1. Rounded to the nearest 20 debye, what is the charge dipole size of the range 258-307 about its Cα centre when +1 sits on each Lys and Arg Cβ and -1 on each Asp and Glu Cβ?
2. Identify which of LYS286, LYS226, LYS316 has the largest mean-square fluctuation in a Gaussian network model of the chain, with springs joining Cα atoms closer than 10 Å.
3. Nothing charged except the Cβ atoms of Lys and Arg (+1) and of Asp and Glu (-1): what's the magnitude of the dipole of the range 77-179 about its Cα centre? Round to the nearest 20 debye.
4. With charges set only on the Cβ (+1 for Lys and Arg, -1 for Asp and Glu), what does the dipole of the chain come to about its Cα centre, in debye to the nearest 20?
5. What would the Debye equation give as log₁₀ I(q)/I(0) for the range 210-312 at q = 0.11, 0.12, 0.23 Å⁻¹, counting only Cα atoms as equal point scatterers?
6. Cα-based count: Lys pairs in the range 257-384 below 18 Å, eight or more positions apart or different chains?
7. Work out the charge dipole of the chain with +1 on the Cβ of Lys and Arg and -1 on the Cβ of Asp and Glu about the Cα centre, then indicate which of SER309, THR296, ASN104 is farthest towards its positive end.
8. Quote the convex hull volume per residue of the range 116-197, based on C-alpha atoms, as a whole number of Å³.
Amino acid sequence: MKNISVLGSTGSIGTQTIEVCGNFSDINIKALTAGNNIDLIEKQAIKFRPILISVMDNEKADILKERLSKTVCSGIKVLSGMEGLVEAATLNGVDTVVVSLVGNIGIKPTYEAIQAKKEIALATKEVLVSGGSLITNEAQKHGVRILPIDSEHSAIFQSLQGNSMNKIRRIILTASGGPFRGMKKESLKNVTAKEALNHPNWDMGNKITIDSATMMNKGLEVVEAKWLFDVDVDKIQVVVHPQSILHSAVEYEDGAVIGQMGIPDMKVPISYALTYPNRRANGFDKLDITKVGSLTFEEPDMDTFECLSLAYEAIKTGGTMPAVLNAANEIAVGAFLNGGIGFMDIPYIIKKTMGAYTVKHSYSIGELLEADQWGRKYAETIIK
């Protein structure tokens, strides 16, 4: 029996993780956390009977506790805020912590989970984007595995199996190109949030969908891949693949390219992370390769989609710069979704914030979180 905590159980990845767990009788959910969707986490709690649940808002936690007191789940411990996240991440008896939170809020509970020697199934790319060296060094120190849930990083991870002693020539990180593939800067000035949220292939949360539209999502994945697979960033090549069938690939020094294909569905990488090193039969939809047709590949337009080049710049600068990049992006995306700025203002705000920052190349988790806060505040001043 594998015991897991799911941090962010009501989001897109979290709900799919819950669905995956429903396929396997030997995976037991011990803890669930959510933002403020108490209606959904209440249903999850009643179905899976964890021993702990947590939401971010204190008042909503009180409401949830009152509701559960009238059900068969009256004995569940209900917490709130960062304290609840950390307790769920470090809970005694938990083997694997699924980190499927939105943004940098996932850094501290992931750090604490690693110190508690919990295996990490990671969907929150910002954890490694902002805290790459800190998190990976801590994982190595405590002998903790970080298993990727992102479809692209899972594909790379799967393509590396059995080839650990062979040299990587490059990682081929595929991108759908998002809803605005092929468009130029001038055409993107007046696009709306509704248009940006209309992803052609994937059903994701709002923030990650906007990141896909700007190609920042792929930039963050470049940074994450650098830390997950310990490769130089110059060996990570982004390739636009509109069909989203080849999820990513690895080219070895002999010229062999090994990749992983599947339909655009997160449940397979989630399942692989939870059952690794085994593969398990499931009832998920499967790829019928005869119905795919042609697969095409293009170079990304890094001039139009400047967020991708900014991410490369941030990881090459190193230190706390990726944390500032990510923080500024979160603020800019939030402002765009709220109608406060235009679509092309997103890379402008990120670039200005990075340009004003003095990077720290050696940092603690406290200094990392300070850099995150600095990036947020500076981006907010630009917006105002």
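Laboratory data are not the source of any read-out in this text; all were calculated from the coordinates shown. Since we're looking at a predicted model, the values are computed, not measured. When we count neighbours, we look across all protein chains shown, and the Cβ atoms used for this are built from the backbone with ideal geometry, even at glycine.
1. It comes to approximately 680 debye.
2. Of the options given, LYS286 has the highest mean-square fluctuation.
3. Details: 10 positive and 9 negative charges, 81 e Å.
Rounded to the nearest 20 debye, it is 400 debye.
4. Dipole magnitude for the chain comes out near 580 debye.
5. For the range 210-312 at q = 0.11, 0.12, 0.23 Å⁻¹, log10 I(q)/I(0) is -0.42, -0.51, -1.42.
6. 11
7. ASN104
8. Numbers: hull volume 13.2 nm³, N = 82.
About 160 Å³ per residue, rounded to a whole number.
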